[in-house]
Structure formats: structure tokens, C-alpha cells
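Reviewing the structure listed below.
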Amino acid sequence: MERDSQLELYRVVADQLKEAHTRVRELQVPEGVRMALSRKLLVITAAAKHDLADAARRLDRLLKDLDEGRFPEGD
């Protein structure tokens, strides 16, 4: 049972990462902002390999920020 829930969480996180990458790519923002968001997504992807629950929380927070129009400062 635990394994099934872990696999489901992997599927959910993978689907959300795909959605987030698409949303970031389609944003009409300066390139520096897009790069900062892409770096955040890479960090979340790397975190998912070690701590899936933490990666899911980070990804939820990033998606909420995107929904609310809060973007990081670009370089």
C-alpha cells in the first residue's frame, strides 16, 4: 500500500513539473525572470530524487506563486 501511494506521488509530481515547465516557457516575462524560474524547477526536480514530499511542497508553492503573478527577480 505504501509503495502505491509513493508511486502515485511520483506521478503527481511528474505531471505538475511538466505543467510548470510549460507555464514558465509560455510566460511573457524578461528572460532573466524565466531563467530564475527555470533554475527553481531544476532544483525541485533534483530534490524529487532525494525527498519527494519536500519537492512536492516546493512545487506547490512555485505553482501558487505563478498563479498569483509572483515572480523572482531576474539577473
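Brief remarks follow.
- Between the Cα long axis of helix 52-67 and the first principal axis of the chain there is an angle of about 30°, rounded to the nearest 10.
- Reach of Lys64 by Cα under 18 Å, taken over aspartates and glutamates that are not fewer than 8 positions away in the same chain: Asp15, Glu19, Glu26, Asp54, Glu73
- When the range 1-70 is described by a simple charge dipole with +1 on each Lys and Arg Cβ and -1 on each Asp and Glu Cβ, the residue from Gly69, Ala47, Val29 located farthest towards its positive end is Val29.
- Relative to the longest principal axis of the Cα atoms of the chain, the long axis of helix 2-26 lies at roughly 10 degrees.
- Carbon/sulfur fraction of accessible area - the chain, other protein chains in place, 1.4 Å, %: 53 percent
- Charged-residue dipole, Cβ positions (Lys, Arg, Asp, Glu), the chain about Cα centre, Debye nearest 20: 140 debye
- Helix-derived mean residue ellipticity, 222 nm - over the chain, DSSP H n ≥ 4, -39500 (n - 2.57), to 500: -27000 deg cm²/dmol
- Surface/4 estimate of mean projected area, convex hull on alpha-carbon atoms of the chain, nm²: 4.8 nm²
- The residues of the chain present an accessible area of 71 Å² per residue when probed at 1.4 Å with all protein chains retained.
The values are calculated or read from the model by the stated rules, or taken from the named source; none is laboratory data. Bear in mind that the values here come from a model prediction, so they are computed numbers and not experimental data. Heads up, the Cβs are rebuilt from the backbone with ideal geometry, glycines too, and the neighbour counts pull from every protein chain shown. For accessibility, only protein heavy atoms count, side chains too; no ligands or nucleic acids. Shrake-Rupley method; radii C 1.70, N 1.55, O 1.52, S 1.80 Å.
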